[in-house]
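Have a look at the structure below before the remarks.
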Amino acid sequence: MSEISVLERSETRLEQEKPVSGDDILRNVKALKPWLRSRSDSIESARKLPPDVVRKLKDAGVFRMNMPKIWGGPEMTPMQQIEVIEELSRADGSVGWCTMIGADSGLYSGYLEDSVAREMYPRLDMVQAGWVYPIGQAHRVADGYEVTGNWMFGSGCTHCDWLAAGCVVHQGGKPVIAADGKPEWRIVLAKPEEFEILDTWYSTGLCGSGSNDYRCKSLRVPDERTFSFQQPPKRAGTLWRRPDTFLRKMSGIPLGIARDAIDTVTQIASQKVDDGCLYRDLPRIQSAIAQAEGLYGAARSYVLASLEAQWRRLEAEQELTKAERANVWLARTNAFQSARRVVELMYDAIGGSAVYSRKSSLDRHLRDIQTICQHICGQTKGWEGVGALLLDSHAVRIHPML
């Protein structure tokens, strides 16, 4: 059977098969991977996900991963979501990244009144985007908020249905201080056309994620289309019992990139020759592959083990221990950092030919992994807060999602 006929068959199946479970979505993603690989150059040159890619992802069901069962959604666990995102990231890091963020639609809807959420998200495959950390200002008015701000890293803002913007609440021209002594943090949701999307995403990696800046001035947002992670969710269910849910699936991206880098070098090593010897028979290549597999396997196991322990606690409605909280954060950061080391090992193993972007995916993987490691969740500076938590120190501010 030809490669084209296999691809055509997988595309037809995706159009005919409406995903209803996590297994359906994972199966669809695996079928879609060859096609996504073939679109990687176009995705990168477009600096955003092209419409046909977004349509295929919606058909596969990836954006509905967090949609609740009461709406007919799959309400997938973080562990299931990581597996889906890892598969997508093996094909293209920008696709994995935009899926990770786009699937937040189901999470955010759980912080809204159900009638409002159903009106805003009438379809399960709607896409979320936006920067939720409070760098804008939301001034209280009679029916909601008047919002002004400039936000960075709006990944997926070019194809989303709703765009989030994190704000500090203001009243009378001054920040409102919450009960914990910190400024009140609120997230507003508006249509992307209500913001000005700025063409700023010229980056080292994740070039196809469309992570542009966006801004607005005096945008009126009704109160019912805003929420706070500092307040209890409106929806019952394990996914909404702790606000760090939207971060848990992030590890799938570095893990997917690392996995594909190893697989790519393994394939190259079976064909490339150095002084009459196949690369796979060279001790330095064998050592590099072994080291990379160890780093990848340990990182992936730590991520899944920490999330499974957290999930069991949340299902039982029990408070997490400090160690369990720390493990979730540390495992995620470790996945980013270990994946970067894996990709660097694989890039170095192949040598000069790794710099050719059209000979293999290694060049793109290197740029993508360096870029995602600049995210707060990929940087080791977050370890300071984890250490402070474990040591009962109050000298360092602990991240609200830790």
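Scanning segment 319-361 for residues that are crowded, with 18+ Cβ neighbours inside 10 Å and either not assigned by TED's automatic domain parsing to the domain that holds residue 274 or not in a helix (DSSP H, G or I) (or both), we see that the one that is modelled with the highest pLDDT is 361.
One line per residue, one yes/no per condition, for (1) under 30 Å from residue 112 (Cα atoms); (2) part of a loop (DSSP other than H, G, I, E, B); (3) at pLDDT 95 or above:
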residue	(1), (2), (3)
5	no, no, no
10	no, no, no
25	yes, no, yes
42	no, no, yes
45	no, no, yes
49	yes, yes, yes
63	yes, no, yes
74	yes, yes, yes
87	no, no, yes
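Residue count for segment 125-134 under the criterion of being crowded, with 24+ Cβ neighbours inside 10 Å and not in a strand (DSSP E or B): the result is 1. Suppose we keep only residues that are among the charged types (D, E, K, R) and more than 11 Å from residue 314 (Cβ to Cβ) within segment 224-253. Which one would you say is farthest from the chain's Cα centre (by Cα)? Once the filter is applied, the top-ranked residue is 224. Figure legend. Inter-residue proximity from segment 72-84: first residues without any contact (Cβ under 8 Å) to a residue 24 or more places away in the chain and not assigned by TED's automatic domain parsing to the domain that holds residue 21, second residues surrounded by fewer than 23 Cβ atoms within 10 Å (Cβ to Cβ) and assigned to a helix (DSSP H, G or I), beta-carbon distance below 9 Å, spacing 6+ or different chains. No pairs are indicated. Taking the conditions (1) free of Cβ contacts under 8 Å to residues at least 40 places away in the same chain; (2) closer than 21 Å to residue 83 by Cα; (3) loosely packed, with under 13 Cβ neighbours inside 10 Å in turn, residue 316 satisfies each one other than (2).
Condition check ((1) in contact with a helix residue (DSSP H, G or I) (Cβ under 6 Å, 6 or more places away or on another chain); (2) closer than 24 Å to residue 33 by Cβ; (3) surrounded by 15 or more Cβ atoms within 10 Å (Cβ to Cβ)) across all residues:
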{"site": "180", "(1), (2), (3)": "no, no, no"}
{"site": "191", "(1), (2), (3)": "no, no, no"}
{"site": "207", "(1), (2), (3)": "yes, yes, yes"}
{"site": "210", "(1), (2), (3)": "no, yes, yes"}
{"site": "215", "(1), (2), (3)": "no, no, yes"}
{"site": "231", "(1), (2), (3)": "no, no, no"}
{"site": "254", "(1), (2), (3)": "yes, yes, yes"}
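When each of 310, 370, 286 is tested for being touching a Gly at 6+ places or on another chain (Cβ under 9 Å), part of a helix (DSSP H, G or I) and outside the structural domain of residue 208 (by TED's automatic domain parsing), the lone residue that passes is 370.
Evaluate segment 226-237: report whether one residue or more is modelled with pLDDT of 95 or more, over 18 Å from residue 186 (Cα atoms), in a helix (DSSP H, G or I) and of a type outside the set (Asp, Glu). The answer is no, given that none of the residues of segment 226-237 is modelled with pLDDT of 95 or more, over 18 Å from residue 186 (Cα atoms), in a helix (DSSP H, G or I) and of a type outside the set (Asp, Glu). All conditions but one from (1) closer than 21 Å to residue 77 by Cβ; (2) β-branched (Val, Ile, Thr); (3) in a loop (DSSP other than H, G, I, E, B) apply to residue 398; the one that does not is (1). Going by the structure shown, is residue 247 touching a residue at least 24 places away in the same chain (Cβ under 8 Å), touching a strand residue (DSSP E or B) at 6+ places or on another chain (Cβ under 7 Å) and either surrounded by fewer than 20 Cβ atoms within 10 Å (Cβ to Cβ) or in a loop (DSSP other than H, G, I, E, B) (or both)? No: the conditions fail for residue 247. Checked against (1) among the aliphatic types (A, V, I, L, M); (2) in a loop (DSSP other than H, G, I, E, B); (3) out of contact with any strand residue (DSSP E or B) (no Cβ under 9 Å at 6 or more places or on another chain), residue 100 passes all but a single condition, namely (2).
The values are calculated or read from the model by the stated rules, or taken from the named source; none is laboratory data. Note that the structure is predicted; figures quoted are calculated from it, not measured. Heads up, the Cβs are rebuilt from the backbone with ideal geometry, glycines too, and the neighbour counts pull from every protein chain shown.
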